[in-house]
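Visitor: One structure is given below, represented as structure tokens, and several questions about it will come after.
The values are calculated or read from the model by the stated rules, or taken from the named source; none is laboratory data. None of the values given here were measured: they were computed from a predicted structure. Positions of Cβ are generated from backbone atoms using ideal geometry, with glycine treated the same way; all protein chains shown enter the neighbour counts. Keep in mind that these areas ignore ligands, DNA and RNA; they rest on the heavy atoms of the full protein, side chains included. Shrake-Rupley method; radii C 1.70, N 1.55, O 1.52, S 1.80 Å.
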Amino acid sequence: METLLRNYLCIMKNRKNNFSFLILYSAFLILNFSCSTPGNIQNQNLAYLYQPVKQHFSPEFAVWNFSDDSSRLYVRLNPKEFLYTRSGENFTANFSIAYRLVESYENPLVIDSSRKSFSMIKKENSLSAIVTVDFLSNRNIKMLLECRITDVNKNVTDVFYLHVDRSSNQSRNSFLAATVDSVPFFRNFLSAADSFRIILRDTSLKQLRVNYYHRPFPLAAPPFSFDYYPSFDYLPDSVFTIDVLNYSAHNFPREGFYHIQRDTLSRNGLTLLRLHDDFPEQTNSKQLIESVRYLMTRKEFDELKNSPNPKGAVDKFWLDLGGNADRTRQLIRRYYSRVQFANEHFTSYQEGWKTDRGMIYIIFGAPHLVYRTSKSELWIYGDVSSSLSLNFTFIKVINPFTDNDFSLSRAPIYESSWYRAVDTWRQGRVFNDN
């Protein structure tokens with residue numbers, strides 16, 4: 001492992017050659033997974049996290065550092081996903097949440113672990129159920145929480161991984177964004193109608209600083225393109241304060257993103273996005289046209305965008321691809337379901353469909369193999385040992401606004417694969433429809 005680490009550092013020093021970096025770094029990751037110890041999470045295939053059909057549950061999570069040495073995990077569950085058995089006069093679901101807090105994917109040194117059991121009585125029209133689990137997190141570092149949800153009656157389990165950041169008192173987990181009724185927001189994006197408040201463990205703090213940004217971020221370039229994007233200008237478009245005492249309720253009416261901080265000594269804080277009100281879905285013609293850009297030429301995109309009848313134009317685009325109504329409906333359903341999935345899982349400081357991982361997921365579908373480290377994700381389409389497999393390496397970007405920002409290691413070798421996948425869509429077939 002020491003040799004691998006030295007090789008990795010050498011590779012990182014020579015990243016100017018992007019193609020060489022891609023090949024060497026991917027080889028490093030694969031070799032590293034194969035030689036890591038069985039307890040390491042980094043050698044486990046986590047592709048199921050990006051394949052909803054292979055999951056039994058669709059929970060949402062929020063983590064809040066509610067004390068100096070402990071954190072609280074909030075889990076919102078869909079009651080319809082559990083099996084209920086008769087218990088007296090009621091039907092009851094029995095489930096458990098087991099957690100394991102470790103240092104990282106590479107170093108599964110256990111900081112705290114336990115298991116908590118729950119029961120849920122079946123109710124008509126119950127949309128969600130929220131449970132909490134407290135755990136010890138007495139390290140001033142960034143950690144990884146492994147969460148196992150088990151339906152006892154079904155005897156099935158799903159495993160999820162969450163970031164827990166205690167590296168400073170201004171890390172995003174130090175803030176809890178909640179409704180006026182103190183129900184956590186299980187997402188980092190808001191609608192115009194959402195009222196919220198910020199809960200802190202430091203009750204002496206009266207106000208928080210908010211930096212507002214409204215920036216037109218471009219969508220991801222194709223995987224073989226090395227388009228240059230200017231560095232981000234951290235100077236906010238405006239600055240204001242919000243109250244945190246007396247259950248003060250707030251609303252962010254303008255679209256953009258809002259970075260909430262205790263002070264300006266660091267760039268860390270909590271970022272909330274104000275996106276269109278139907279997000280993560282795409283509903284109006286403008287959104288439908290924008291997110292299909294990956295399949296269009298520049299000329300086609302400009303014509304659709306400037307059409308006097310954008311709804312009719314985007315419908316015609318899909319019908320021309322599908323050839324008939326049934327195939328067109330299938331294409332539309334599969335494509336925009338991938339867009340929505342990308343929004344739900346890859347949204348960072350911008351919509352998930354615009355990100356590198358979102359682009360690859362939309363065009364190529366769910367990867368067959370996914371391996372994670374604290375600094376990267378490796379997606380493999382095909383078999384890990386096959387020379388015909390397609391590998392994408394995403395490097396985690398240090399970003400004060402999000403811990404979900406990954407940049408694709410681009411290379412010219414992807415050009416033929418990209419156009420083959422796009423051509424499949426344009427011939428009326430879903431690429432990697434599994």
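Visitor: Let a ≥ b ≥ c be the square roots of the eigenvalues of the Cα gyration tensor of the chain; is it rounded (a/c under 1.5), or, if not, prolate (a/b larger than b/c) or oblate?
Guide: rounded
Visitor: Using DSSP to call loops (not H, G, I, E or B), can you name the trypsin sites (Lys or Arg not before Pro) in region 59-125 whose Cβ has at most 12 other Cβ atoms within 10 angstrom?
Guide: When the trypsin sites (Lys or Arg not before Pro) of region 59-125 are filtered for loop state and at most 12 Cβ neighbours within 10 Å, 123 remain.
Visitor: Taking the chain as a Gaussian network, Cα atoms linked when under 10 Å apart, which of 130, 198, 363 shows the biggest mean-square fluctuation?
Guide: Looking only at 130, 198, 363, the biggest GNM fluctuation is shown by 130.
Visitor: Follow-up question, since we're still on this one. Excluding residues on the same chain fewer than 8 positions from residue 286, give the aspartates and glutamates whose Cα lies under 20 Å from its Cα.
Guide: Partners found: 255, 277, 278, 300, 302, 303, 315, 320, 344, 351.
Visitor: Which helices, counted as full DSSP H runs in the chain, have an axial Cα extent of no less than 15 Å and a Kyte-Doolittle average of -1.0 or above?
Guide: Span-like helices, by this rule, are 2-13, 18-35, 310-322.
Visitor: Still on this structure, please answer the following. Let me have the 222 nm mean residue ellipticity of the chain computed from DSSP H runs of 4+ only, each contributing -39500 (n - 2.57), with the sum over all residues rounded to the nearest 500.
Guide: -7000 deg cm²/dmol
Visitor: Something else: Spelling out what I want: for every residue of region 53-66, take phi, set θ = phi - 60°, compute 6.51 cos²θ - 1.76 cosθ + 1.60 (Karplus), and round to whole Hz; glycine and proline get x.
Guide: Taking θ as phi minus 60°, the curve returns 5, 9, 10, 8, 10, 10, x, 10, 10, 9, 10, 9, 7, 7 Hz for region 53-66.
Visitor: Pull up all non-local amide H partners of residue 369: gap of 5 or more, or a different chain, and H-to-H distance under 5 Å with H placed in the peptide plane.
Guide: 380, 382
Visitor: In terms of modelled amide H atoms, which long-range or inter-chain residues lie less than 5 Å from the amide H of residue 104?
Guide: Placed amide hydrogens put 109, 144 under 5 Å from residue 104.
Visitor: For a label point 7 Å from the Cα of residue 267 along Cα→C-beta, name the residues of region 140-179 whose backbone N is under 13 Å from it.
Guide: Label zone hits: none.
Visitor: Quick one: of 305/396; 311/354; 154/375, which pairs are farther than 28 Å apart, Cα to Cα?
Guide: Distance filter (> 28 Å) returns 305/396; 154/375.
Visitor: With all protein chains present, calculate the accessible area of residue 118 using a 1.4 Å probe and round the result to the nearest 10 Å².
Guide: Looks like 30 Å² after rounding.
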